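See below for the structure under consideration.
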Amino acid sequence: MSACAGTNAAPGSAAYQPTVYRLAAGDQLSITVFGEENLSREYSVTPQGDLAFPLLGDIPVANQTVGDLQQLLRDRLAEGYLNDPRVTVEVLNYRPFYILGEVNNAGEYPFKNGLTVVQAVAQAGGFTYRADKDTVYILRPGQTAEESYDIDSGRPVYVAPGDTIRVGERYF
């Protein structure tokens, strides 16, 4: 039975810190290069984690922050294409998170920066009457096992894009 419960999250776990959004496949971006209408438009990150950008070709962007990508585009465009390029990058559609188990409306929900597990449960219609309201289990992208998090400790537990949150059933 304990194999199903997952592992306990370390006190310094990343889930106790607000998420720094990292780009990944499927992200929709709005990129503006000031004064360059032909380069300013919406872009998608490919399933391989690349961004197909005019003049520069395919640029690997998976696991980079928005700020990293802005600086990369500025640097690459300044290498013989534009003088003093000014670039802004905005995420249009974040990857969703998933919530299942003892919530009223399990499913896929849109991610927002700074989202906590308690807010995610609220988006899912709240706890059912059978829910364990003290502990949740989170499976992060790239992990193979869930980690359990105490949500009534007074410390917020943050959701990351692509997380699968499971609310268990209380025993009595």
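The values are calculated or read from the model by the stated rules, or taken from the named source; none is laboratory data. The shown structure was predicted, so the numbers you read here are calculated from the model rather than taken from an experiment. All Cβ positions, glycine included, derive from the backbone under ideal geometry; neighbour counts span all protein chains shown. Heavy atoms of the whole protein, side chains included, go into the accessibility calculation; ligands, DNA and RNA do not. Shrake-Rupley method; radii C 1.70, N 1.55, O 1.52, S 1.80 Å.
In region 106-116, the residue that is nearest to R140 (Cα to Cα) out of those that are at pLDDT 95 or above and crowded, with 17+ Cβ neighbours inside 10 Å is Y109. Among residues of region 16-44 that are closer than 22 Å to L55 by Cα and without any contact (Cβ under 8 Å) to a residue 40 or more places away in the chain, those with a beta-carbon under 9 Å from a residue that is among the aromatic types (F, W, Y) and open to solvent by less than 60 Å² (accessible area, probe 1.4 Å) at least six positions away or on a different chain give the pairs L39/F53; Y43/F53. Scanning region 57-103 for residues that are under 23 Å from the mean Cα position of the chain (by Cα) and among the polar types (S, T, N, Q) yields N63, Q64, T65, Q70, Q71, T88, N93. Just so you know, in region 65-105 the residues that are among the polar types (S, T, N, Q), at pLDDT 95 or above and over 30 Å from E169 (Cα atoms) include one that is least open to solvent (accessible area, probe 1.4 Å), and it is Q70. Would region 150-162 turn up any residue that is closer than 28 Å to T65 by Cβ and at pLDDT 95 or above? There is no residue in region 150-162 that is closer than 28 Å to T65 by Cβ and at pLDDT 95 or above. The set of residues in region 6-43 being surrounded by 13 or more Cβ atoms within 10 Å (Cβ to Cβ), modelled with pLDDT under 95 and not in a loop (DSSP other than H, G, I, E, B) consists of A14, A15, Y16, Q28. Number of residues in region 49-74 that are within 17 Å of Y94 (Cα to Cα) and in a loop (DSSP other than H, G, I, E, B) equals 6. Within region 129-164, the residues that satisfy the criterion of being out of contact with any Gly (no Cβ under 8 Å at 6 or more places or on another chain), within 18 Å of K112 (Cα to Cα) and crowded, with 19+ Cβ neighbours inside 10 Å are I138, V157, V159, A160, P161, D163.
Count of region 117-128 residues, restricted to those that are among the β-branched types (V, I, T) and surrounded by 18 or more Cβ atoms within 10 Å (Cβ to Cβ), is 2.
The criterion of at least 3 residues that are more than 27 Å from I31 (Cα to Cα) is met, among strands (runs of 3 or more DSSP E) falling completely within region 75-172, by 97-101, 131-139, 147-150, 164-169. For region 113-133, which positions are more than 29 Å from T65 (Cα to Cα) and out of contact with any Lys or Arg (no Cβ under 8 Å at 6 or more places or on another chain)? Residues satisfying the conditions are G125, G126, T128, Y129.
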